[in-house]
Amino acid sequence: MNPVGKPGKTGTLMPVEAALARLLEMAEASPITEREYLPLAQVDGRVLADDLISTLDLPPWPNSAMDGYALRLADWTGEALPVSQKIFAGQAPEPLQPGTCARIFTGAPVPSGADCVEMQENAVVQGDERVCFNEALTVGQNIRPQGQETTAGELILQAGNRLGPIEQGLCASLGCAGLNVVRKARVAVLSTGDELVEPGQALGPGQIYNSNRVLLCSWLQRLGCEVVDAGILPDDLAATRARLGELQDVDLILSTGGVSVGEADFLGIALREEGELALWKLAIKPGKPLTVGHFCNVPVIGLPGNPASTLVTFALLARPYLLRRQGVKDVEPLRFPVPAGFDWPQPGNRREYLRGRLENGRAIIYRNQSSGVLRSAAWADGLVEVLENRTLMAGDEVVFIPLSDLLG
């Protein structure tokens with residue numbers, strides 16, 4: 001792929017949609033195909049490797065949706081019916097004797113010969129243990145038919161589905177003890193900059209704590225990735241080349257910082273001089289200097305170093321790339337329109353993602369949208385998308401992307 005723009009020059013800013021399409025194209029060109037079999041209890045957050053086909057009907061037999069009485073509608077002429085048997089869930093009933101009804105409980109198999117169930121609230125038990133029904137009855141009422149949920153041979157979940165508690169429960173209902181899942185993506189997280197210090201250490205002059213490492217490592221684990229902590233790189237080109245060259249057993253090198261055009265942005269220099277640059281500089285705010293390429297054939301995504309820029313570009317670009325590498329088809333987050341609860345009088349030439357939250361059905365934004373302010377995202381519950389060259393007045397429609405969907 002040809003680089004976008006030229007090193008050291010502004011170049012043309014790539015639209016967000018084009019950058020995402022390019023990343024997904026790269027992901028599809030190098031899918032993770034290895035798989036492993038895991039017990040069902042261990043597949044939360046993993047990606048299903050094979051289509052799941054049902055091997056049985058669910059439910060496997062007609063069963064009662066209510067506590068009540070099972071009967072054959074043709075046997076009921078308005079007179080009370082004697083109770084011939086009592087059926088609990090987990091029992092195998094006898095065929096229904098003609099002219100009788102069966103006491104039945106929720107989930108219990110409906111006896112052969114019965115074709116409806118009346119709930120106990122609409123039945124009156126007489127002193128001779130006969131049951132009188134007060135409401136009109138219909139064939140099939142309150143009976144869950146065999147195969148109502150699934151039938152044998154039916155496709156239940158497609159390969160590429162991300163598995164969670166609901167999918168685990170569904171698989172358990174079909175008798176699955178375990179599943180084939182895609183191997184975890186192995187991601188090296190690399191921070192750059194002499195100014196960075198890990199939390200717990202003393203700060204020196206001009207130094208700041210490294211928040212991006214913790215943010216990304218935790219997020220990657222939520223996405224089902226295996227994280228390789230590649231530490232902090234000093235601002236040194238030789239050290240940068242050496243560290244990139246050491247990371248050859250990973251699926252992705254994910255870095256923060258060092259991808260702009262400053263004299264100390266050695267990661268960008270290394271990719272341009274010795275690697276392959278696929279895209280660089282996006283029409284997005286925050287996050288314009290995002291860089292994507294390869295170093296010794298290993299994909300590299302260089303996120304901007306400012307914390308809010310790291311968050312936005314990982315959420316909207318690196319996250320879908322990683323999910324697609326693992327075979328996930330639906331990689332874009334939930335998006336829905338809401339009225340703006342703010343004015344936006346100055347249009348920009350880049351797509352902006354403001355840290356905001358919903359209050360009384362409207363999107364409001366944090367007072368400080370600086371790319372260096374991570375607190376804005378902790379206050380927010382989503383990203384508010386403002387299109388290029390657009391002004392807004394309170395009440396205008398904007399797109400809201402919930403962080404809960406991005407973080408999972």
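When the residues Met393, Met119, Met14 are ordered by accessible surface, computed with a 1.4 Å probe over the protein chains alone, the sequence from largest down reads Met393, Met119, Met14.
Projecting the Cα atoms of Val214, Ala89, Ser370 onto the charge dipole of the chain, computed from C-beta unit charges around the Cα centre, puts Ser370 farthest toward the positive end. Karplus-based coupling profile of the range 57-70, in residue order and whole Hz: 7, 9, x, x, 7, x, 9, 7, 8, 9, 7, x, 9, 9, with θ = phi - 60° in 6.51 cos²θ - 1.76 cosθ + 1.60 and x standing for Gly or Pro.
For the range 63-144, the fraction of 1.4 Å probe accessible surface lying on carbon and sulfur atoms is 49 percent. Each of Gly382, Cys296, Asn122 was placed along the dipole of the chain (beta-carbon charges, centred on the mean Cα), and the one lying farthest toward the positive end is Cys296. By the rule of a second cysteine Cβ within less than 4.7 angstrom, the chain holds isolated cysteines at Cys101, Cys116, Cys132, Cys217, Cys225, Cys296.
Would you mind pulling out the separation of the Cα centroids of the range 145-160 and the range 365-408, in Å? The distance from the Cα centre of the range 145-160 to that of the range 365-408 comes to 40 Å. Here the Kirkwood formula, the inverse mean of 1/r across different C-alpha pairs, assigns the chain a hydrodynamic radius of 25.3 Å.
Working from label points 7 Å from Cα in the Cα-to-Cβ sense, the Gln42 to Asn134 distance is 5.7 nm.
Given a 1.4 Å probe, how much area per residue of the range 105-222 is accessible, in Å²? All intermediate terms of the calculation are to be shown ahead of the outcome.
Numbers: 5860 Å² over 118 residues.
Each residue of the range 105-222 exposes 50 Å² on average to a 1.4 Å probe.
When the helices of the chain are scored as -39500 (n - 2.57) per DSSP H run of n ≥ 4 and the total is divided over every residue, the value at 222 nm lands at -5500 deg cm²/dmol.
With charges set only on the Cβ (+1 for Lys and Arg, -1 for Asp and Glu), what does the dipole of the chain come to about its Cα centre, in debye to the nearest 20? Show your work: numbers first, answer last.
On the way: 35 positive and 48 negative charges, 261 e Å.
In total the dipole reaches around 1260 debye.
Of all beta bridges that DSSP places with both ends in the chain, some 70 percent have antiparallel geometry. Taking a ≥ b ≥ c as the square roots of the eigenvalues of the Cα gyration tensor, the range 63-144 is classed as rounded, since a/c falls below 1.5.
The values are calculated or read from the model by the stated rules, or taken from the named source; none is laboratory data. All values reported here derive from a predicted model rather than from experimental measurement. FYI the Cβ positions are ideal-geometry reconstructions off the backbone, even for glycines, and counts take in every protein chain you see. We work out accessible area using only protein heavy atoms, side chains counted, and drop any ligands, DNA or RNA first. Shrake-Rupley method; radii C 1.70, N 1.55, O 1.52, S 1.80 Å.
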